[in-house]
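> Dumping the structure here so I can ask a few things about it.
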């Protein structure tokens with residue numbers, strides 16, 4: 001597919017909305033044996049929670065399963081381990097791990113030294129049939145307990161692996177590779193082309209033409225936009241669903257790495273050959289004008305909360321507030337740069353009540369601001385697309401906010417019964433046909449719902 005010009009995009013700035021923090025806590029994992037500490041995302045002050053005992057030296061935090069209250073990490077002995085947020089204790093689950101990833105639903109995947117592919121989901125271990133002679137250079141977890149693996153033998157191939165059978169390999173060209181948060185789409189760039197591959201249906205791949213070769217690429221958290229950092233110091237933005245090139249952004253100089261913010265609001269860019277970071281506001285898509293000093297590591301710099309940037313200055317971590325016209329330093333954690341950090345949508349029990357109240361207030365204001373008169377449902381039946389259901393209100397709000405930032409009318413429905421979850425829905429739509437038509441363009445699982453909640457203002 002050849003895309004000429006920049007038609008189909010929009011530079012309209014989203015309406016000013018109350019900031020809803022998508023990561024409620026920062027966890028600091030020790031580079032040497034020690035305790036894990038939780039920090040507030042805004043003040044960078046300890047929040048009063050720490051692990052019940054020492055954990056081994058941590059090489060890389062991988063992700064979390066909030067339903068099970070587990071954090072997955074790799075230690076420096078290549079063991080895949082878990083940190084239980086309720087008990088505060090750690091437990092090794094897989095020895096001698098050569099590659100690992102955590103999927104969007106909290107399932108963890110690991111390839112062992114014997115080449116076995118193992119999944120841990122809801123504290124249950126499953127061994128896949130696939131065997132790897134070499135560790136996969138990349139793995140992307142998906143929904144439904146599957147994982148996309150990248151293999152590099154004589155050729156570079158992508159495969160969607162399930163426990164029942166090894167996936168059918170899809171050959172791709174060498175170059176940067178990334179996947180959406182949900183793993184339903186993989187982007188592979190080579191020379192002046194980017195290829196979009198659906199692992200479940202690789203024959204439906206699409207191709208976009210670039211003005212210059214891509215050095216790095218990243219999807220927005222909701223998967224609607226694809227950002228490509230090119231060799232001619234530009235970022236090219238595509239709308240994945242409309243196949244439109246949204247914008248080309250000229251950077252102050254060449255860059256070599258992208259690190260998107262989990263909320264979808266900010267993009268961190270590493271300038272080539274410099275210990276610094278450019279911060280780009282994705283709500284405006286304006287080019288960054290200045291750089292902040294920071295070296296780059298496995299987890300830093302990162303954006304946490306609504307607008308808190310953590311950078312590295314020597315051995316220290318410096319916190320910056322991004323909400324003003326210029327970033328301002330607000331906090332410093334001495335010695336924090338030697339450790340690794342993870343922002344998660346979880347709060348310690350002692351902070352839960354205050355955080356839930358603040359989140360509810362901000363969410364209510366945001367939903368009220370987004371609901372225009374045109375959007376208000378009529379007295380007749382209305383229809384919604386249900387995207388997910390979760391027991392975690394923070395996780396549901398995180399997904400809804402990501403969808404809103406990409407122009408979708410997403411809200412969270414609260415549970416109406418003891419067994420219900422927090423449901424993320426898109427809508428309303430006047431007819432079922434309108435809802436189904438919108439759902440086919442989402443590129444993710446959905447089903448159409450209607451009911452009493454659909455008629456609330």
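> From the list 156, 226, pick out the single residue that is buried (at least 16 other Cβ atoms within 10 Å of the Cβ), within 30 Å of residue 401 (Cβ to Cβ) and at pLDDT 90 or above.
Result of the check over 156, 226: 226.
> Looking only at region 327-337, how many residues end up being touching a residue at least 24 places away in the same chain (Cβ under 8 Å) and under 22 Å from residue 282 (Cα atoms)?
1
> Kindly state which strands (runs of 3 or more DSSP E) lie completely within region 30-91 and contain at least 3 residues that are crowded, with 18+ Cβ neighbours inside 10 Å and under 25 Å from the mean Cα position of the chain (by Cα).
37-40, 58-65, 70-75, 80-84
> For region 183-209, name all the residues that are in contact (Cβ under 8 Å) with a residue 60 or more places away in the chain and out of contact with any strand residue (DSSP E or B) (no Cβ under 9 Å at 6 or more places or on another chain).
184
> Does residue 261 satisfy being surrounded by fewer than 22 Cβ atoms within 10 Å (Cβ to Cβ) and without any contact (Cβ under 8 Å) to a residue 60 or more places away in the chain?
In short, no.
> May I ask you to list the residues in region 291-326 that are surrounded by 23 or more Cβ atoms within 10 Å (Cβ to Cβ), outside any strand (DSSP E or B) and in contact (Cβ under 8 Å) with a residue 40 or more places away in the chain?
Those that are surrounded by 23 or more Cβ atoms within 10 Å (Cβ to Cβ), outside any strand (DSSP E or B) and in contact (Cβ under 8 Å) with a residue 40 or more places away in the chain: 301, 305.
> For region 107-135, name all the residues that are crowded, with 22+ Cβ neighbours inside 10 Å and part of a loop (DSSP other than H, G, I, E, B).
Hit for region 107-135 is 107, nothing else.
> May I ask you to say which residue of 386, 315, 366 is modelled with pLDDT of 80 or more and touching a helix residue (DSSP H, G or I) at 6+ places or on another chain (Cβ under 9 Å)?
Every option except 315 fails the conditions.
> So, one more: Here is a list: 283, 274. Which entry is farther than 23 Å from residue 45 by Cα, under 19 Å from the mean Cα position of the chain (by Cα) and assigned to a loop (DSSP other than H, G, I, E, B)?
After ruling out the rest, the residue left standing is 283.
> What number of residues within region 74-110 are in contact with a strand residue (DSSP E or B) (Cβ under 7 Å, 6 or more places away or on another chain) and within 18 Å of residue 140 (Cβ to Cβ)?
15
The values are calculated or read from the model by the stated rules, or taken from the named source; none is laboratory data. Note that this is a predicted model, so its numbers are computed, not measured. A quick note on method: Cβ atoms are made from the backbone with ideal geometry, for glycine too, and the neighbour counts reach across all protein chains shown.
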